[in-house]
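The structure under discussion appears below in the form of structure tokens.
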Amino acid sequence: MNRTPQEWIRLSLRTPGILIFGLVLAPCGWILNLTATVAPNWRTLNDIPGIPASEFIQQGIWEICRATSTNQRSDCSLQDTTYFDNEVIRPAQGLMVASLIVTLIGLAVAIPGVRCWRDRPNWLVAGLGGLLIFLSGVMVIIPIAWYTHILDSIASVSPTTNVKVGYCIILGYIGGIFEILGGFVMFIGICRCCGGKNRGETRIEEVTGVRFGNAKQPARRVEVPSLDRPRSYVSSSVPYSKDSMDDDVSFPRAKSPAIRTGNSYDADL
């Protein structure tokens, strides 16, 4: 497909869509995973004997809270060593925190490779950043899926008669999927580190002959058509002289009256 040099420059300077996709999903997934890590609602225990029916217990990986359906304030000073001694709690704590750190490192690696101030992206650097983001998403899915699989069998001091999935599980799944998708899409760009030619792009120096940012573009030359007619040699502040204006008209003009001299009254006599 034939394109003009201006179109090739525009295509060469745009940020690839796969990098934009990854850089948008990764921070969104990080925020969701952060909420899932610190919020104490991985599962909810309802209908507990000995407490009012409006009260329920929320259990997370860091703390346990008691809340009511009538009051938004919750008491998070509950202690349950039996719950925290489960084999899923310690790995979940470590993997969730490690995922948050790895995501930040992946973004810090990927951002310099994105084409924000360059004529083309650094696919190798951006791909390595996407790999780190992908691994951080896997680190979230592992504890979330494990906790969900043994949701009803997790030991606790409180009777687990009516167990429901907490909102942290939902946020963790969504955040982990966001990071896996964003990191994978950025990582497949590592196979396209040949200047973008297989995506229909051409380097700017191959189109214009000069490197972008190192040389100024030549001034555009404007061709002015020449006029084959005599020009007035009398200097004037207007672009056209009186003679040239007379030549341009296409209809007859009335002749100017002759200037009378001082002896014009003799002719009248």
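Before moving on, here are some points about what is shown:
- From the list Ala145, Ala155, the one residue that fits, being modelled with pLDDT under 90, more than 27 Å from Leu19 (Cβ to Cβ) and of a type in the set (A, V, I, L, M), is Ala155.
- For segment 182-193, the condition holds for no residue, the condition being that it is part of a loop (DSSP other than H, G, I, E, B), farther than 30 Å from Val125 by Cβ, at pLDDT below 85 and touching a helix residue (DSSP H, G or I) at 6+ places or on another chain (Cβ under 9 Å).
- Subset of segment 120-178 that is in a helix (DSSP H, G or I) and among the hydroxyl-bearing types (Ser, Thr, Tyr) - its residue that is surrounded by the most Cβ atoms within 10 Å (Cβ to Cβ): Ser136
- Inside segment 77-98, residues that are assigned to a helix (DSSP H, G or I), over 14 Å from Ile150 (Cβ atoms) and hydrophobic (A, V, I, L, M, F, W, C) make up a count of 5.
- Only one entry of Asp47, Asp80 meets the criterion of being out of contact with any Lys or Arg (no Cβ under 8 Å at 6 or more places or on another chain) and at positive phi, and that entry is Asp47.
- With respect to (1) surrounded by 14 or more Cβ atoms within 10 Å (Cβ to Cβ); (2) of a type outside the set (Ser, Thr, Tyr); (3) in a helix (DSSP H, G or I), the lone exception for Ile101 is condition (1).
- Extreme residue, farthest from Ala36 (Cα to Cα), among residues of segment 82-93 that are free of Cβ contacts under 8 Å to residues at least 40 places away in the same chain and either exposed (fewer than 12 other Cβ atoms within 10 Å of the Cβ) or basic (Lys, Arg) (or both): Glu87
The values are calculated or read from the model by the stated rules, or taken from the named source; none is laboratory data. None of these values were measured; they are calculated from a predicted model. All Cβ positions, glycine included, derive from the backbone under ideal geometry; neighbour counts span all protein chains shown.
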